[in-house]
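Report on the structure given below.
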Amino acid sequence: MLAKRLKALAFSVALGIGFSPALVHAQPPAPPKTGYKAPRDAYGHPDLQGVWTNVAVTRLERNPKYGADLVLTEAETKKIEAKTQAQIDLGNKPTDPNAKVTDLPADCSGGRGTDCNYNAAWTDPGSVVMRVNGQPRNGFITSTPDGRVPMRKDIKVNAFGRTLRPGQSPSDNPETRALGERCLLSFGNSASPVMLPGLYNNTYQFVQTKDQVVIDVEMVHDARIVRLNATQHLPDTVRPWMGDSIGHWDGDTLVVETTNFHPEQVFRGASQHLKVTERFTRTGKDRMHYAFWVDDPTVFAQPWGGEYEFSRITGQVYEYACHEGNYGLVGILQGAREEERTGHKTAPTNVDQKAKAADAEDGEGL
């Protein structure tokens, strides 16, 4: 264990990752120096175009099970990836046509088996740990000693980063449901700064011109436009989905600053003062380093950030036909009205509660 921590400390020092507040990053992490020279577009800028993915079992915050270490050992990495692959293989098994809902474990333990939640054919959570320059990571955040979001102690947010008004229920009406359920924005944070992988649809197509870079996101068909010819953000009263992104080239790196987030779009409880800075750098033929820096003093105790790598893939981004023939939202609202009518609250039965707790212990899961 001591040898492992010394190795992690040495690697962190090499990356400039401190273990005390005095050594915390003042900006997004720098990309590794690989010596790779990215091809140029017609305007002489690094060509970021193509289809990329950030799919991985690694998540934003480090799993406490592995302590404060940023870098996982090979043994830990193999264990996580083996368990994940076993769950995927279990979910890929044919479903018994005679299976009933009552045949299922209430917590979906042991993987997503027969008729349990999503069939694995519809998901793509990834099966490997995220690596940065070959190093397997316990989380994306690099700026805090424990790899967790440094929330202010007086700020409380729910699991989705939202705060409901007193007496308000998330099932009062469609407008209080999550944006992804309403097909307005991606589930989780697939599209908007900070871009994070989720349960499926983790592909992005980058298209660039002289004046703009467009990031087409597979999840819920979002398209983020980065203005390269802008010198200032939109007026404070103009707040589009995914915010207002302006960018510039810093050598071989595309630097994007985003502000003016829509008030309904939240990230870890952030307010209208949220500012996210991203840096995109090609570090190999099929690798792109992604670094991010988050700043909102009204919610976070300090600015924070991290990094991961996109991988280039072949093929194209397909249509995300959100809610085409989907009756889930109607059922949610009907169920809520029935609970109000009868005064009887239905306890969750197959909501993966215990499975989520087990996943959190072992490093998998959102």
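The values are calculated or read from the model by the stated rules, or taken from the named source; none is laboratory data. Only a predicted model underlies this, so the values are computations on that prediction, with no experimental measurement involved. Every residue, glycine among them, receives a Cβ derived from its backbone with ideal geometry; neighbour counts consider all protein chains shown. Please note that ligands, DNA and RNA were not included when accessible areas were found on the heavy atoms of the full protein model with its side chains. Shrake-Rupley method; radii C 1.70, N 1.55, O 1.52, S 1.80 Å.
Annotations for the structure displayed:
- Å² per residue, accessible surface of the stretch 217-357 at 1.4 Å: 52 Å²
- Residues whose amide H lies under 5 Å from that of Gln212, counting only those 5 or more places away or on a different chain, are Leu228; hydrogens are built 1.01 Å from N in the peptide plane.
- Computed from label points 7 Å out along Cα-Cβ, the spacing between Tyr36 and Thr176 is 4.7 nm.
- Order by protection proxy (mean Cβ within 10 Å, highest first), peptides 252-263, 311-322: 252-263, 311-322
- In sequence order, the stretch 42-58 has phi-based couplings of 5, 10, x, 8, x, 8, 9, 5, x, 9, 10, 9, 10, 4, 5, 7, 5 Hz under the Karplus curve 6.51 cos²θ - 1.76 cosθ + 1.60, θ = phi - 60°, and Gly or Pro positions carry x.
- In sequence order, calculated HN-Hα J values of the stretch 143-157 (Karplus, 6.51, -1.76, 1.60; Hz; x Gly/Pro): 8, 10, x, 9, x, 10, 5, x, 6, 5, 5, 8, 10, 10, 10
- Expressed as a whole percent, the proportion of Cα-Cα pairs in the stretch 152-271 lying more than 21 Å apart is 45%.
- Nitroxide proxy distance, nm - points 7 Å out along Cα→Cβ at Ala301 and Gln85: 3.9 nm
- Theoretical gain in end-to-end length, Asn92 to Asn229 [0.36 nm per residue, Cα-Cα removed]: 44.6 nm
- Ranked by how many other beta carbons lie within 10 Å on average, peptides 299-310, 335-346 from highest: 299-310, 335-346
- Remark on Ser190: its backbone amide H falls under 5 Å from those of Leu196, a criterion applied only to residues 5 or more positions apart or on other chains, H modelled at 1.01 Å from N.
- 5 angstrom amide H check on Thr34, placed H, neighbours 5+ away: none
- Each label was represented as a point 7 Å from its Cα along the Cα-to-Cβ direction; for Asn326 and Gln168 these points are 2.2 nm apart.
- When you restrict to C-alpha pairs under 8 Å that are six or more residues apart and normalise by the size of the stretch 215-269, the relative contact order lands at 29 percent.
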